[in-house]
Structure formats: structure tokens, C-alpha cells
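These notes are about the structure you will find just below.
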Amino acid sequence: MVVTATRTPERETQTLASVTVIDRAEIERRQARSVPDLLRGLAGVTVTASGGPGQPASVLVRGTDADQVLVLIDGVKVGSATLGSFQFENLPVEQIERIELVRGPRSSLYGSEAIGGVIQIFTRKGGGPLTPRVSVGAGSYGTASGSLGLSGGGERGWFNLGGSLEDTDGFNACNGQPDPFAGCGVYQPDKDGYQNRSVSARAGYRPHERVELDASLLISDNEVDFDGGPFSGNSARSEQQVLGASARIKPLDPWTLTLAAGRSWDQYRAFFEDAFLDRFDTERDTLTLQNDFTLAPEHLLTLGVDYQEDRVDGTIDYAEDSRDNTGVFGQYQGRWGALDAKLSLRQDDNQQFGTQDTGNGAIGYLFSNGIRVAASYGTAFKAPTFNDLYYPFFGNPDLEPEESRSTELEVSGPLPSGLWSLNLYQTEIDDLIAFDPFTFQVANIDQSQIRGLEAATRIDLGDWTLRGNLTLLDPENQSDGPNDGNLLPRRPEQTVNLDIDRRLGPWLLGGRVDWVGRRFDDLANQVRLDPYTLVSLRAEYDLSDSLRIQGRVDNLLDENYETAAFYNQPGRGFYLTVRYEP
């Protein structure tokens with residue numbers, strides 16, 4: 001079951017959106033060490049990083065920018081109100097139960113930012129008999145990690161508590177040069193370490209068959225070194241916190257009422273040689289009222305309202321330090337035999353930029369041989385950030401939201417022992433916010449057209465499991481000027497991912513190959529990023545029903561590659577983890 005595509009529960013095989021689900025079993029099977037590592041290799045997803053663990057990582061979905069992807073944690077919208085993006089590198093993998101990735105526009109349900117898609121992360125929920133869990137790991141670059149957890153529940157309630165720690169010496173993040181216009185502008189050939197400490201708690205209770213309560217808390221505290229100077233710093237301490245609560249009530253059999261509230265904090269402190277430089281704090285409060293009405297079997301009407309308030313504080317003096325947004329939305333989902341249809345509409349009223357209307361429509365047909373054909377069209381937008389609007393000597397308070405139009409065609413079907421899918425799409429984005437060299441401020445001056453093809457399959461043959469996908473992308477810059485027709489930066493035109501597993505008694509053996517085509521690091525397409533191939537191997541052995549030992553080799557061929565120009569990526573690495581969970 002997935003909930004992110006429509007804000008209501010539906011089967012993954014029945015949704016008309018392009019959805020990928022990563023559950024807890026998949027996270028542990030892949031022995032992922034970070035959320036960017038988990039998302040890397042999914043169809044339509046590009047991950048770039050400015051160095052190793054803890055360094056800034058960007059997740060691009062279907063060629064859109066990192067700040068054009070909406071991120072939710074347990075239903076709470078997260079991310080920095082100043083930067084406009086979320087720090088995936090600081091999200092602890094051990095606290096995650098599942099991830100749902102929805103590709104394509106979803107502003108008609110969620111509002112701003114959902115141009116390329118929505119990524120929702122669910123923390124561990126718990127339930128069942130009282131169960132402790134422990135994991136301990138170590139590996140290359142002086143890496144050490146550990147986690148503790150306890151979960152349980154009864155007939156009406158459930159809970160989970162967890163904590164984790166990761167520490168690594170890292171490696172030199174940037175091939176810096178004394179020239180301030182080359183590389184990262186500095187030369188600091190030292191190891192850039194990283195430490196993450198996190199805790200999570202989630203609990204729920206069902207006092208009545210028509211009432212369900214749920215609350216969650218996630219705290220991630222981080223320290224990272226990077227290559228910088230006296231103005232930008234060379235180390236940082238940050239903290240992300242997410243608090244959410246919800247109540248689901250069924251006043252009548254055909255009516256489900258959901259009330260949800262949340263707050264997310266994003267705090268950042270920059271230092272140079274341990275001397276304090278800058279502070280950025282953002283807070284986001286959200287409140288949601290959603291009504292789901294079953295009009296008839298297979299016909300669902302959703303009506304709701306979202307309220308959001310953002311606040312910023314720190315050493316930078318913004319002309320405005322808060323704003324609110326109210327969004328009203330409606331959605332209809334219907335099924336007539338083999339025919340499915342979905343229609344959603346939304347209007348957002350923002351304190352800064354006024355009203356914005358968005359919509360999405362999709363229709364699909366399931367043939368008797370199991371093949372399904374679906375088509376959709378949607379509009380989306382992204383509101384300017386506080387930095388875009390008010391950062392001193394840079395922001396422009398007259399900015400308009402970025403707007404997009406997307407069209408998609410999907411064909412999917414069964415295999416004798418698996419599934420396959422093909423998705424063809426086009427997204428046009430207008431009024432992109434970019435730096436204007438004539439005014440030395442940001443302005444709505446850019447536009448782009450992104451065309452793509454995604455092909456994915458999964459095959460299960462006895463003890464073998466094969467997963468593979470291909471992404472072809474044409475991310476064209478259509479802005480007036482010398483960059484017209486160029487490729488948008490850091491988007492590969494071709495990506496191929498292949499993952500295979502084999503079960504042999506107590507052994508689980510697996511491997512993965514990622515091939516990424518050429519890209520450019522700049523708008524002028526003068527700085528080329530070469531294609532690269534990454535090969536990783538993994539093995540897992542069940543010492544007992546409760547105890548497992550896992551080993552992984554990353555970048556087996558010790559490939560030298562970059563996802564951002566001048567920034568190093570990890571070489572060959574070895575990692576070992578022991579897990580205990582009855």
C-alpha cells in the first residue's frame with residue numbers, strides 16, 4: 001500500500017502515478033549507509049554530492065532541481081526555508097521504515113516544490129511483541145557506526161524507540177586550487193570528517209475502532225568538516241528536528257476525517273578554525289484537515305485544507321522573516337471496471353506571492369492480458385525561498401513562482417516471474433529563478449524543457465532476484481542567450497542500473513552495477529563530467545534466526561569519478577555490519 005501519490009491508501013500496482021517503494025527489508029538487503037545511497041540508482045533519480053559522507057548531497061528527480069522535489073517525513077513537510085532544499089545526507093538510515101518516491105508533479109495535492117516529484121520518508125512504527133535490535137558496523141575511512149532500538153505493541157497500541165551514531169574520518173572533499181575561480185576556491189588537502197547522532201520515537205494508539213492516534217519525533221544532530229575559507233567557514237554543526245501528530249477519525253462509515261499537525265526545525269552553524277561565523281535557523285509549522293468520502297464502491301472524494309507558516313532567524317538580516325500559506329485542495333478517484341481516473345485541483349494563497357492554481361488529471365486502462373496504459377497531465381509550481389526574495393544584495397522581492405506543465409504516458413505489465421514498466425514524459429518549466437548578471441540579483445529569467453524515458457523491471461526466478469532500470473534524459477536549457485539549447489548542469493543523459501541477488505541457504509549474495517553517462521557541471525557546458533561505472537558487491541550470512549553478519553564492497557574497481565566538478569568521491573571501500581533482532 002502507498003499513500004503519497006494520492007494522500008490516500010492504495011495498492012502500488014493500482015496507482016496511476018510512477019511510484020517506487022523502498023521498505024525496511026530492501027534497506028537492509030542493500031546495506032545502504034545513507035539516504036542518498038538508497039535513492040541513487042532509482043529510475044529517474046540523479047544524486048550529486050560535494051564530497052563524501054555528510055557533505056552536501058542533492059537529489060534530482062526527472063531532471064528537475066533539488067529544490068523542486070518535495071520532501072515529507074511522516075507527513076510533515078521538511079527542508080530549509082532559506083535554501084529551499086532538504087539535507088538528505090543527514091537523515092539516519094537506521095531510523096527509516098520505508099520510503100515512497102512519486103515521480104511527476106504533485107502540487108495539486110501538496111502545493112509548492114512538488115514539480116519533479118515527492119519523496120516521503122516514514123520512520124519506524126513498531127508494533128507486535130517487545131523486540132530489541134542492535135547493529136554495529138565498521139569500515140573504510142575510519143568509519144564506525146552503531147544503533148539501538150526497541151519496539152512493541154499490543155492489540156490497540158504500538159511504539160518504537162531508536163538511536164544511532166555514525167562517525168567517519170572521511171577524505172579530502174575537494175580538489176581545491178589557490179585560484180578562487182577554480183575548484184572550490186581553496187586548497188585544504190585534509191580529511192573532512194563527519195559525525196551524526198540521531199534519535200527517533202513513534203507511538204500510536206487506537207482507543208476505538210473509529211479513532212486512531214499517531215505521533216512521531218526525529219532528531220538528527222551533525223558535525224562536518226569541509227574545504228572552505230574565512231568567509232564561508234570550514235566546519236559546520238547542524239540539527240534537523242521533525243515533530244508530527246495525527247488523528248484519523250471515522251464519524252460515519254463512508255467518511256474518514258484526518259487531522260494532522262507538524263513542526264520541522266533546521267539549524268545551521270558555520271565555523272572557521274572553530275571560530276563562529278554564521279547562524280541560520282528556520283522553522284516550519286503545518287496543519288492539515290483532510291476529509292475522505294466514499295461516494296460508492298471504487299469512488300472516493302477527498303476535500304482538504306493545508307496551512308503552513310515559515311520563519312527564519314540568524315545572523316543575516318532578512319527584510320521579512322516569516323510568511324504563511326493556505327492551500328485548499330480536492331481530489332476525485334474513480335474506477336469503472338478496467339478504467340481508472342483521477343482528478344485533483346488546488347489553490348494556494350501565499351502571503352508573499354498571492355494565489356497559485358494547479359491541477360492534475362490521469363486516466364488508465366487495464367487490459368485482460370495484464371497490460372496497463374495510463375496517461376496524465378499536471379501543473380506545478382515552486383515558491384521563491386527567503387534567500388531568493390530577501391538575501392541582502394542578492395534577493396529580489398518581486399519574484400514570481402516557478403511554474404511547470406508535465407505530460408506523461410505509462411505502459412506496464414506482468415512478466416512470467418516479474419513486472420515491467422515504461423514511462424515517457426515531458427516537463428516544461430517557466431520563470432526559473434536564476435542570477436541576472438545585469439542587475440546582480442536573482443530574477444525569473446530562465447526556462448527549460450525536460451524529456452525523459454524510464455524503463456524498469458523486476459524478475460524473481462527461484463532463489464534469484466533481478467532488478468534493472470534505464471533512464472534516458474534530455475534536459476534542455478531554453479533560456480534566451482548563449483546557453484539556449486545546452487544541457488542543464490549535472491543531469492546525465494543516460495543512466496543504467498542493474499541489481500542482482502541470489503539466496504543460497506543461510507547466504508544472501510548480491511551485486512550492483514551503476515553506469516552514468518556524460519554530464520556538464522556548468523550552464524555553458526564547458527566543464528564536462530565524464531561517464532563512470534560503479535560496481536559493488538555484498539554478502540549476508542544468517543548466523544541464527546536473530547543474528548546476521550553483512551559485508552559490502554563499494555566501488556570495487558576503484559573508479560575515479562565526480563558528480564560535481566572538483567569534488568572527490570569515495571574510492572574502494574569495505575564495510576562490515578552485525579545485526580541482532582529477535
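The values are calculated or read from the model by the stated rules, or taken from the named source; none is laboratory data. Predicted model, so just to flag it, every value in this text is computed and none were measured. Note: ideal-geometry Cβ built from the backbone for every residue, glycine included; neighbour counts use all protein chains shown.
Within region 140-182, the set of residues being at pLDDT 95 or above and among the aliphatic types (A, V, I, L, M) comprises 144, 148, 150, 161, 165.
Comparison of 472, 453, 461, 409 shows that the only residue that is within 21 Å of residue 520 (Cβ to Cβ) and in contact (Cβ under 8 Å) with a residue 24 or more places away in the chain is 453. When residue 184 is tested against the conditions (1) surrounded by 20 or more Cβ atoms within 10 Å (Cβ to Cβ); (2) assigned to a strand (DSSP E or B); (3) of a type outside the set (Gly, Ala, Ser), the lone failure is (2).
Has region 1-14 got any residue that is of a type in the set (Asp, Glu) and over 13 Å from the mean Cα position of the chain (by Cα)? Looking for residues that are of a type in the set (Asp, Glu) and over 13 Å from the mean Cα position of the chain (by Cα), one finds at least one in region 1-14, hence yes.
Looking only at region 360-394, how many residues end up being surrounded by fewer than 21 Cβ atoms within 10 Å (Cβ to Cβ), in a loop (DSSP other than H, G, I, E, B) and among the small types (Gly, Ala, Ser)? Total satisfying the criteria: 2.
Being part of a strand (DSSP E or B), among the basic types (Lys, Arg) and more than 23 Å from the chain's Cα centre (by Cα) is a property that residue 323 has.
Would region 281-295 turn up any residue that is farther than 25 Å from residue 346 by Cβ and either surrounded by 16 or more Cβ atoms within 10 Å (Cβ to Cβ) or in contact with a Pro (Cβ under 7 Å, 6 or more places away or on another chain) (or both)? Within region 281-295 (the criterion being farther than 25 Å from residue 346 by Cβ and either surrounded by 16 or more Cβ atoms within 10 Å (Cβ to Cβ) or in contact with a Pro (Cβ under 7 Å, 6 or more places away or on another chain) (or both)), the answer is yes, since at least one residue qualifies. Checking 5, 32, 43 one by one, the residue that is in contact with a Leu (Cβ under 9 Å, 6 or more places away or on another chain), assigned to a loop (DSSP other than H, G, I, E, B) and surrounded by fewer than 21 Cβ atoms within 10 Å (Cβ to Cβ) is 32 and no other.
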